[in-house]
There are 2 protein chains.
Amino acid sequence: MNVRTLCLSILHDGDATGYEIRRLSVEGECSYFVEASFGSIYPALARLESEGLVSSRLEQQDGKPTKKIYSITPAGRDAFVQELSAPMGEEVFRSPFLLFARFAHLLPRELVAARANDYLAVRQEKHRIVAEAMETPSLNACDAWVINYGRAIMGVAEEYLRTHMDDLIKLGRAEPNKDAAE
Amino acid sequence: MNVRTLCLSILHDGDATGYEIRRLSVEGECSYFVEASFGSIYPALARLESEGLVSSRLEQQDGKPTKKIYSITPAGRDAFVQELSAPMGEEVFRSPFLLFARFAHLLPRELVAARANDYLAVRQEKHRIVAEAMETPSLNACDAWVINYGRAIMGVAEEYLRTHMDDLIKLGRAEPNKDAAE
DNA sequence: GGGGCGCTATGTCGGACCGATATATGTCGG
DNA sequence: CCGACATATATCGGTCCGACATAGCGCCCC
């Protein structure tokens, strides 16, 4: 799942600028399983345009910088379907928090507690965004399926964390001052 | 959570070669939230050694290539704890399957069914690995917490997929021959 | 009223990381 | 007997992220 495909997928649902693609990938209903940065979106769009898979038009705005609005072309739609039909990449899940949690016994209890609370807040926020996305009026059936899947998983993640984080915090070191205590 | 920290975390629990670090990160009990490739492990180990955070010794074996066994140094342990105490990176979840699922309505039903079945198999395998990891005899409390967290989430993911994948497959296109049907 | 911050908007650049490939060798199955 | 696979180290091209550069406008607070 490269950035090219991500851009095509967003443009498939409607025109957008590079900036909007970024925002949708980070804050949108699907931000829990796709994401891309400016540093890869803009070059990807430029390359897609040079290949004729997207087209662009400039739009002046007063008070704001000029926008470069991209549209997907028929060739782009074909290429997108082709890309979806080709073998997929692997799923990626990387969690710095879980790596941290594995070594909670090395770290002061206050730090473990702070991190666990931060992580819970992040999970709750993500869960809220996905739950809210289900309220979208014009939601196609595929999007609804994906959102429900995400909501089911996030719901459990949040609940497990909420009910078990105290166990993890108790594993943190009680006396952070003694260095050779372990 | 860079590859350097990942290497230190594995060496913290015992000596290993670059090859073994790779295998642990891909097949081990924590492979569901950490992973790294050879292309980043070997350079990372070389750099860690030049900085004195790990040391290495060569071990001849007959029938197999010479191994280069790495050990973490006291300075390496300090640096590891330091790194865990520093602000963490964001969690990453990228799912090509969910992007595919969002556009199931564009794709032939047989393809959707095949992909859903493949994905279910992958999820079941991952779930099995984590569930099995709980049986490990010498399991410290932190690892147990992390594994249980993963098991809870993977259990729900697998079950949701198993009970709802038919709904997704039904959203696939029934007649893949008509191109202009959409 | 002015200074700083944040938002919209495009884009570049260094560095991190993946995936494929190269190299060498030994085992095991067909 | 040959290819596939496992062990083991290492490099390289290309992708992608994160930080930075640029720039005009609105908003808030002092």
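The numbers here are math on the coordinates, done by the rules we state, and not lab data. Since we're looking at a predicted model, the values are computed, not measured. A quick note on method: Cβ atoms are made from the backbone with ideal geometry, for glycine too, and the neighbour counts reach across all protein chains shown.
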Exercise. Would you mind ranking A:T66, B:T17, A:T136 so that the residue whose beta carbon has the fewest other beta carbons within 10 Å leads the list?
Key: A:T66, A:T136, B:T17
Practice problem: Count, for each residue of B:104-114, the Cβ atoms from other chains sitting within 10 Å of its Cβ, then give me the mean as a whole number. | Solution: 2
Exercise. Compute the semi-axes of the equivalent ellipsoid of region B:1-99, taking the square root of 5 times each eigenvalue of the Cα gyration tensor, and list them largest first in whole Å.
Key: 24, 19, 10
Quiz item: Per residue of B:79-86, what is the mean number of Cβ atoms on other protein chains within 10 angstrom of that residue's Cβ?
Solution: 3
Quiz item: If we count other beta carbons within 10 Å of each Cβ, what is the order of B:C7, A:C30, fewest first?
Solution: A:C30, B:C7
Exercise. For chain B, count all C-alpha to C-alpha pairs, find those more than 30 Å apart, and express that count as a whole percent of the total.
Key: 39
Quiz item: Given B:H12, B:V81, B:L58, which one lies farthest toward the positive end of the charge dipole of region B:3-85, if we put +1 on the Cβ of every Lys and Arg and -1 on the Cβ of every Asp and Glu?
Solution: B:L58
Practice problem: Per DSSP H run of n ≥ 4, the term is -39500 (n - 2.57); total these for the protein assembly as shown, divide by its residue number, and report the mean residue ellipticity at 222 nm rounded to 500 deg cm²/dmol. | Solution: -19500 deg cm²/dmol
Quiz prompt | Two-decimal log10 I(q)/I(0) for region A:96-170, as the Debye equation yields it once each C-alpha is a single scatterer, q = 0.13, 0.18, 0.21, 0.24 Å⁻¹ | solution = -0.47, -0.72, -0.87, -1.02
Self-check item: For A:L58, A:L98, order by how many other beta-carbon atoms lie within 10 Å, fewest first
Solution: A:L58, A:L98
Exercise. Work out the length of the dipole vector of the protein assembly as shown about its Cα centre, built from +1 on the beta-carbon of each Lys and Arg and -1 on the beta-carbon of each Asp and Glu, and round it to the nearest 20 debye.
Key: 400
Quiz item: For region B:96-170, with the dipole built from +1 on Lys and Arg beta-carbon atoms and -1 on Asp and Glu ones, taken about the Cα centre, which of B:A121, B:V146, B:L168 lies farthest toward the positive end?
Solution: B:L168
Practice problem: State to the nearest 20 debye the size of the charge dipole of region B:96-170 about its Cα centre, where the only charges are +1 on K and R beta carbons and -1 on D and E beta carbons. | Solution: 260
Quiz item: Mind checking which aspartates and glutamates have their C-alpha under 16 Å from A:K126, skipping anything on the same chain fewer than 8 residues away?
Solution: A:E27, A:E29, A:E35, A:D118, A:E135, A:E158, A:E159, B:E90, B:E91
Self-check item: Gap separating the Cα centres of region A:110-181 and region A:1-63, nearest whole Å
Solution: 28
Practice problem: With no solvent and one equal point scatterer per Cα, compute the Debye intensity ratio I(q)/I(0) for the protein assembly as shown at 0.06, 0.07, 0.11 Å⁻¹ and report its log10, rounded to two decimals. | Solution: -0.28, -0.38, -0.89
Exercise. At a Cα cut-off below 16 Å, give the aspartates and glutamates reachable from A:K64, other chains included and same-chain residues fewer than 8 away excluded.
Key: A:E20
Exercise. Using Cα positions and a limit of under 24 Å, work out the lysines in reach of B:K170, with same-chain residues fewer than 8 apart set aside.
Key: B:K178
